[in-house]
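A.B. asks: Sharing a structure, written as structure tokens. Questions coming.
The values are calculated or read from the model by the stated rules, or taken from the named source; none is laboratory data. Keep in mind that this is a model prediction, so the values were computed, not measured. Virtual Cβ from ideal backbone geometry, glycine too; neighbours counted across all protein chains shown. Side chains included, ligands, DNA and RNA excluded: accessible areas come from the protein's heavy atoms. Shrake-Rupley method; radii C 1.70, N 1.55, O 1.52, S 1.80 Å.
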Amino acid sequence: MGLSVEYVAKETATNLWRNRLMALAAILTVAVSLSLVGTALLLRQAVNRQIGAVASNVNLQIFVNPGAPKSQLAYIRQEIKATPQIESCNYLNSTESYNQAKQLLKGQKTVLSVLSPGTVPTDFRCQLHNPNQAATVGALFSAGIPGVYKVTWPGQSIHVMEQVTSVLQLILLIVAIALLVSSLVLILNAIRMAIFSRRREVSVMKLVGATNWFIRIPFMAEGLVQGFLGSLVAVGIVMLSNWGLSYLSDRVQALSQATVPSGDLLVTEILVVLVGLIVGVVGSSVAVRKFLDV
Amino acid sequence: MIRFDDVTKVYKGGSPALKNITLEIQKGEFVFLVGSSGSGKTTFLKLILREEKPDQGAIYVAGRDIGVLSAWKVPHLRRNLGCVFQDFRLLPNKTVAENVAFALEVIGRPRQVITTQVAQVLDLVGLGQKASRMPDELSGGEQQRVAIARAFVNRPLVLLADEPTGNLDPATSQGIMSLLDRINRTGTTVLMATHDVGIVDSMRRRVIELDRGTLVRDQARGVYGLTDEMHSSTSGLPAVPLSPAFAELLDKDNRRSGKADLDKQKLPLSDDVPVSDAGKGNSRVSSVRARRGSRY
Ligand SMILES: Nc1ncnc2c1ncn2[C@@H]1O[C@H](COP(=O)(O)OP(=O)(O)O)[C@@H](O)[C@H]1O
Ligand SMILES: [Mg+2]
């Protein structure tokens, strides 16, 4: 008694094959929209990591001229102590700075070849009580303290990066949502066609006493399969996006931390598949409710 | 088996399709529902199937008020009601056997049960040899036999037929009628809406006549049209000569108790569908229930 997996599989496969063009359109739209959703999610995580890497430990970086005399260093230290907004600072000497530069510029052999411990600026990495005061403190130190090469605080660059990516994300998200809605409509329509092409079967099923769920489930499974296949394509495309991102982050210094760890990538892919299944189920449920009069 | 209790049905924006119908059909009866086009015959059958709901009154099938049946139980009601139509309603892309099997598949019967029951019922309707034909390779009469096989394969309590001979020539119709009669003899109640004067007159079964939604006649062993004799005696046997083809089918009580029941050989129903008479009451209902383990 009841619905066998074999029956549903057979019915679903037959339905999909009969309406294969409609099904293909629905699957491709799901794929495109979910690729955008997945890529937007990846981008967001990558940017957050990049920003986090820059912003979390260091609020202010005071670079000291390479080979600056000890007296200048001591003076800078004194000034730092005298500044109440600064919580603490960590000084990287020339060897440490050089090592860090080597890591950051990994792969860029020509740049590395001209660097040596003596040519890399050393720096103080400071944490502020309130990171928003970076600009004020930064101005204090860049104004004529001897030996200071330059002062940077991630505030400006992060702000620009955040703005650009949030606009980008918003656009991606809007397009993705529009596409998700249209893929929902396409799935709905594909199921409507399937119901229409099987109206004789459905009327006989009602007549001989098939239960409502028995009649509905093959159609809903069809929508589910369309959503699932679309999301599988999207999973592949999101993987490609991730590959592109790590390619960029290997080569562009400003994006050196803009990668997504494989655990987070997996979560993103699972999310993509889930959204695909939901779109399939919702689209086909609406179609079944509206067009299958049981 | 079927009871209408002061049933009125009004479609939206029309005059009543059925007006204050009260009647009862016993288990095992063979009943003709006659009346001109638009008199409400199809509506009567749809009410029994719960395809429509009465606006007033109650309808009982096997003792259950089907008006208060919740929607999810309606399929279980329909499993006890077989249905045949004028236009056969076969699935053109399935073979004869697949068409019949479909009715069992979609109510979740196991494959082995389906295989044996389909073979049995196709033998019963005389199409065992044509199981793998497509419907469009069959004559109209054969297609209607397939439809009857599909309606009967699940051994319903009641077989409803809406003008089943409406598309068939008289000779073919007679074949269909003797098939319905055989099915009736297995204990299945048969309710058939028809226009066919010849069939009604020759079968001499209970006739219920509707006229613009009103019950105008309910007569045991009736004929299609009213005669003077009918007016004087609604239950007596009329003096109209019987057509030879159906004369033998007349006395159903004799046939029921007859020991040489051909159907038992054709269709081994004896253990699960006892051939019953009115006195046995609901034995078949309960045995069917027990066997299926389902109720509606
Ligand atoms: N679905 C419907 N909607 C509105 N009116 C209907 C509908 N079905 C039947 N009717 C009307 O109800 C009356 C009885 O119809 P029906 O039961 O089909 O009669 P019969 O089967 O005896 O020809 C007719 O007047 C018909 O027009
Ligand atoms: Mg009719």
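A.B. asks: Please report the projected area of segment B:1-156's Cα convex hull averaged over all directions, in nm².
C.D. replies: Taking the Cα atoms of segment B:1-156, their convex hull projects to 10.5 nm² on average.
A.B. asks: In whole Hz, what ³J(HN,Hα) sequence does segment A:269-276 give by Karplus (6.51, -1.76, 1.60; θ = phi - 60°), x for Gly and Pro?
C.D. replies: With coefficients 6.51, -1.76 and 1.60, one gets 5, 4, 4, 4, 5, 4, 4, x Hz.
A.B. asks: Report the Stokes-Einstein translational diffusion coefficient (µm² s⁻¹, integer) for segment A:178-288, Rh taken as the Kirkwood radius over Cα pairs, at 10 °C with viscosity 1.306 mPa s. The partial results should precede the final answer.
C.D. replies: Details: Rh = 16.1 Å.
Roughly 99 µm²/s, to the nearest whole number.
A.B. asks: Residue by residue through segment B:130-141, which ³J(HN,Hα) values in whole Hz follow from phi under the Karplus form 6.51 cos²θ - 1.76 cosθ + 1.60 (θ = phi - 60°), with glycine and proline marked x?
C.D. replies: 10, 4, 9, 6, 8, x, 6, 8, 10, 6, x, x
A.B. asks: Obtain the nm distance between the two label points defined at A:LYS81 and A:TRP243 by a simple spin-label model: each point lies 7 Å from its Cα along the Cα-to-C-beta direction.
C.D. replies: 5.6
A.B. asks: For chain A, what % of the accessible area comes from carbon and sulfur atoms, probe 1.4 Å? Spell out each step's value before the answer.
C.D. replies: Details: 10100 of 15500 Å².
Of the solvent-accessible surface of chain A, carbon and sulfur hold 65 percent.
A.B. asks: Let me ask another. Within the set B:LYS53/B:LYS94; B:LYS19/B:LYS53; A:LYS206/A:LYS290, which residue pairs have Cα atoms separated by over 24 Å?
C.D. replies: Table pairs above 24 Å Cα-Cα are B:LYS53/B:LYS94.
A.B. asks: What are the semi-axes of the equivalent ellipsoid of chain A, taken as the square roots of 5 times the eigenvalues of the Cα gyration tensor, listed largest first and rounded to whole Å?
C.D. replies: Equivalent ellipsoid semi-axes, largest first: 61, 18, 13 Å.
A.B. asks: Sequence gap at least 6, Cα distance under 8 Å: using those rules, report the relative contact order of segment B:50-155 to the nearest whole percent. Present the calculation step by step, with values, prior to reporting the outcome.
C.D. replies: Working: 99 pairs, mean separation 35.9, N = 106.
The normalised contact order for segment B:50-155 reaches 34 percent.
A.B. asks: Using every alpha carbon pair in segment A:1-46, what percent of pairs falls into each 5 Å bin from 0 up to the bin containing the largest distance?
C.D. replies: Answer for segment A:1-46: a P(r) of 5, 19, 13, 14, 12, 12, 11, 8, 4, 1, 0 percent.
A.B. asks: Skip the ligands, DNA and RNA, and give the accessible area per residue of segment B:125-171 with a 1.4 Å probe, whole Å².
C.D. replies: Numbers: 1640 Å² over 47 residues.
On a per-residue basis, 35 Å².
A.B. asks: Quick check for you: with a 1.4 Å probe and neighbouring chains kept, what is the accessible area per residue of chain A, in Å²? Don't skip to the answer; put the middle values down first.
C.D. replies: On the way: 15500 Å² over 294 residues.
On a per-residue basis, chain A sits at 53 Å².
A.B. asks: Consider a paramagnetic label point 7 Å from the Cα of B:SER70 along Cα→Cβ; state which residues of segment A:198-219 have an amide N under 13 Å from it.
C.D. replies: So the set is empty, nothing qualifies.
A.B. asks: On the accessible surface of segment B:51-108, probed at 1.4 Å, how many percent belong to carbon and sulfur atoms? Intermediate results must be reported in sequence, preceding the final value.
C.D. replies: Details: 1050 of 2190 Å².
Exposed carbon and sulfur together represent 48 percent of the surface.
A.B. asks: Now for a different question. Can you work out the FRET efficiency for the pair A:ASN130 and A:LYS70, with r the C-beta to C-beta distance and R0 = 25 Å, to the nearest 0.05?
C.D. replies: Values: r = 31 Å, r/R0 = 1.25.
The formula returns an efficiency of 0.20 here.
A.B. asks: Here's something else I'd like to know. Using only C-alpha positions, report the orientation-averaged shadow area of the convex hull of segment A:187-241, nm², one decimal.
C.D. replies: Numbers: hull surface 16.5 nm².
For segment A:187-241, averaging the hull's shadow over all directions gives 4.1 nm².
A.B. asks: Would you calculate the separation in nanometres between label points at A:ARG200 and B:ALA58, each defined as 7 Å from the Cα along the Cα-to-beta-carbon direction?
C.D. replies: In this crude spin-label approximation the distance works out to 4.1 nm.
A.B. asks: Enumerate the amide H contacts of B:LEU138 below 5 Å, restricted to partners 5 or more residues apart or on another chain; note that Pro and chain-start residues carry no placed amide H.
C.D. replies: none
A.B. asks: Further question on the same structure: Sort A:25-31, B:184-190, B:117-123, A:137-143 for me by packing, meaning the mean count of neighbouring Cβ atoms within 10 Å per residue, highest on top.
C.D. replies: Details: A:25-31: 24.0, B:184-190: 22.3, B:117-123: 19.9, A:137-143: 16.6.
Highest to lowest by the protection proxy: A:25-31, B:184-190, B:117-123, A:137-143.
A.B. asks: Quick one: give the max-minus-min coordinate of the C-alpha atoms of segment A:1-153 along each principal axis, largest first, in Å.
C.D. replies: Principal extents (largest minus smallest coordinate, Cα): 89, 39, 28 Å.
A.B. asks: Okay, moving on. Considering amide H positions built from the backbone, and no H for Pro or chain starts, which residues 5 or more places from B:VAL31, or on another chain, come under 5 Å of its amide H?
C.D. replies: B:VAL190, B:LEU191, B:MET192
A.B. asks: As a test of the definition: with a 1.4 Å probe, what buried accessible area, both sides summed, do you compute for B against A, in Å² to the nearest 100?
C.D. replies: Working: alone 13470 and 16400 Å², together 28140 Å².
What B and A bury together is about 1700 Å².
A.B. asks: If I build a Gaussian network model for chain A, linking alpha-carbon pairs within less than 10 angstrom, which residue out of A:ALA221, A:ALA176, A:ALA74 has the largest mean-square fluctuation?
C.D. replies: A:ALA74
A.B. asks: In percent, how large is the relative contact order of segment A:151-294, given Cα pairs closer than 8 Å and 6 or more residues apart? Before the final figure, lay out each step's value.
C.D. replies: Numbers: 99 pairs, mean separation 54.9, N = 144.
Relative contact order comes out at 38 percent.
A.B. asks: Hey, can you grab everything whose amide H is under 5 Å from the amide H of B:GLU52? Only 5+ residues off in sequence or another chain; H modelled, so Pro and N-termini drop out.
C.D. replies: Under 5 Å from the amide H of B:GLU52: B:LEU47.
A.B. asks: Pop out the ³J(HN,Hα) list for segment B:61-76 in order, Karplus 6.51 cos²θ - 1.76 cosθ + 1.60 with θ = phi - 60°, rounded to Hz; leave Gly and Pro as x.
C.D. replies: With coefficients 6.51, -1.76 and 1.60, one gets 10, 6, x, 9, 6, 7, x, 9, 5, 6, 4, 6, 8, 4, x, 6 Hz.
A.B. asks: How far, in nm, would the chain grow between B:ASP169 and B:ASN93 when pulled straight, counting 0.36 nm per residue and subtracting the alpha carbon separation?
C.D. replies: On the way: separation 76, 0.36 × 76 = 27.36 nm, distance 2.56 nm.
Between B:ASP169 and B:ASN93, full extension yields an extra 24.8 nm.
A.B. asks: Among the residues of segment A:186-209, which ones have their accessible area go down by 20 Å² or more when all the protein chains sit together, as opposed to their chain alone (1.4 Å probe)?
C.D. replies: A:ARG200, A:GLU201, A:VAL204, A:MET205, A:LYS206, A:LEU207, A:VAL208, A:GLY209
A.B. asks: Under a crude label model (7 Å from the Cα following the beta-carbon direction), how far is A:ASN212 from B:ARG217 in nanometres?
C.D. replies: According to this spin-label approximation, the distance is 4.3 nm.
A.B. asks: Give the distance, in whole Å, between the Cα centre of segment A:163-211 and the Cα centre of segment B:167-204.
C.D. replies: Cα centroid to Cα centroid, the span is 48 Å.
A.B. asks: What number, rounded to the nearest 500 deg cm²/dmol, is the helix-based mean residue ellipticity at 222 nm of chain A, given -39500 (n - 2.57) per DSSP H run of at least four residues and division by all its residues?
C.D. replies: -25000 deg cm²/dmol
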